[in-house]
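Here is the structure we will look at.
What follows is calculated from the coordinates using simple rules that are stated; it is not laboratory data. Source: prediction; values computed, not measured. Note that we place each Cβ from the backbone using ideal geometry, even for glycine, and neighbour counts take in every protein chain shown.
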Amino acid sequence: MTNLSVNINKLALLRNSRPGEHPNLLDFVTRLETHPIVGITVHPRPDERHVRYRDLLPLKSVIRGEFNIEGYPSQALLQRVLSLKPTQMTLVPDRIDVLTSDSGWVPGFDDELLKHVCTKLNAAKIRVSLFIEANTEHVRFAAESGVDAVELYTGEYAKACDTNNLTRVEDELMKHQSAAECARTLGLRVHAGHDLNLQNLGRYLQMCAPVDEVSIGHALTVDMLRFGLDSCLEHYCLLVSGCNPE
Ligand code: PXP
């Protein structure tokens, strides 16, 4: 079963644009979780323009399913994750000024920190996922570092789909297929995320199945505005469930 982890950062961005609690994140989480395959992702960034550090505890208290906190494992974020004990932490190599995570963790980038963080999270029984490019060498590096899962960065695949460049789409899918297969062989869970949407998700899941988790924020938030929350979630859940092999 693929978990559809809904990234609620954009809901928080909207809330933060005015004083007050509109939209209320906790209400949204409760409604999102009425759809059985849904989990929740948050990505608290250092400038707190999205989900804020102080949102984490109330969110933890209402989330009943999978709770994924992603971000660069700074001391400030790691301490909070260790004390909250969500289901999972996804480690990303974000620069401080980045608009959105636009590349994976590459071998050689803070390797010692990565091992240290994995040890801490493993000891706290928090699943560790590493956001990486779809590259088998990077998958092997992730496995050696002690992670439980890799989240394959799908931004380049999504760009290829947007430009309708079929050769590039196929090339990207081949890379993702090999990386996913390599991860499964090494005993890692396979996650995918970034710029996934109703147009590109189905083909991705068919080609790379079985995928344990897809993490989707921006497009899904836009689709909630277009279709309404429940109808939007039905579209995504149908697509995700339909692509699971029997
Ligand atoms: N995965 C990671 C590691 C991310 O940083 C993000 C964006 O916060 C996503 C997935 C979701 O990307 P999108 O908002 O494009 O669906």
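Some points to look at:
- Ranking Pro44, Leu99, Ala179 by Cα position along the charge dipole of the chain, where only Lys, Arg, Asp and Glu carry charges on their C-beta atoms, puts Pro44 farthest toward the positive end.
- Pairs from the list Lys60/Lys159; Lys85/Lys115; Lys85/Lys159; Lys85/Lys175 with a Cα-Cα gap above 26 Å: Lys60/Lys159; Lys85/Lys159; Lys85/Lys175.
- The Cβ shell under 14 Å around Arg80 holds other residues with a net charge of +3, Lys and Arg each +1, Asp and Glu each -1.
- Using a simple spin-label model with pseudo-atoms 7 Å out from Cα toward Cβ, Glu112 and Asp171 lie 3.8 nm apart.
- A simple rule links phi to the HN-Hα coupling: the Karplus curve 6.51 cos²θ - 1.76 cosθ + 1.60 with θ = phi - 60°, which for the range 117-126 gives 5, 4, 4, 5, 5, 4, 4, 8, 6, 9 Hz, with x for Gly and Pro.
- 5 Å-binned pair-distance histogram of the range 46-105 (Cα, whole percent): 4, 16, 30, 26, 16, 7, 1
- In the chain, the DSSP-assigned H stretches of four residues or longer account for a calculated mean residue ellipticity at 222 nm of -14000 deg cm²/dmol, using -39500 (n - 2.57) per stretch and the full residue count as denominator.
- Full extension of the chain between Gln79 and Arg184 yields a length gain of 34.8 nm, computed as 0.36 nm times the residue separation minus the alpha carbon distance.
- Here the extension length gained between Glu234 and Lys125 equals 36.1 nm, from 0.36 nm per residue of separation less the Cα-Cα distance.
- The shape of the range 67-153 comes out oblate: with a ≥ b ≥ c from the C-alpha gyration tensor, a/c is at least 1.5 while a/b does not beat b/c.
- For the chain, size of Cβ-based charge dipole, Lys and Arg +1, Asp and Glu -1, in debye: 780 debye
- Rounded to the nearest 20 debye, the dipole size of the range 115-246 about its Cα centre is 420 debye, using +1 on the Cβ of Lys and Arg and -1 on the Cβ of Asp and Glu.
- Among His22, His35, His138: highest mean-square fluctuation, GNM of the chain, C-alpha pairs under 10 Å: His22
- Those aspartates and glutamates that a straight Cα-Cα span of less than 16 Å connects to Lys10, excepting residues fewer than 8 apart in one chain: Glu21, Asp27, Asp47, Glu48, Asp55, Glu70, Asp195, Asp223
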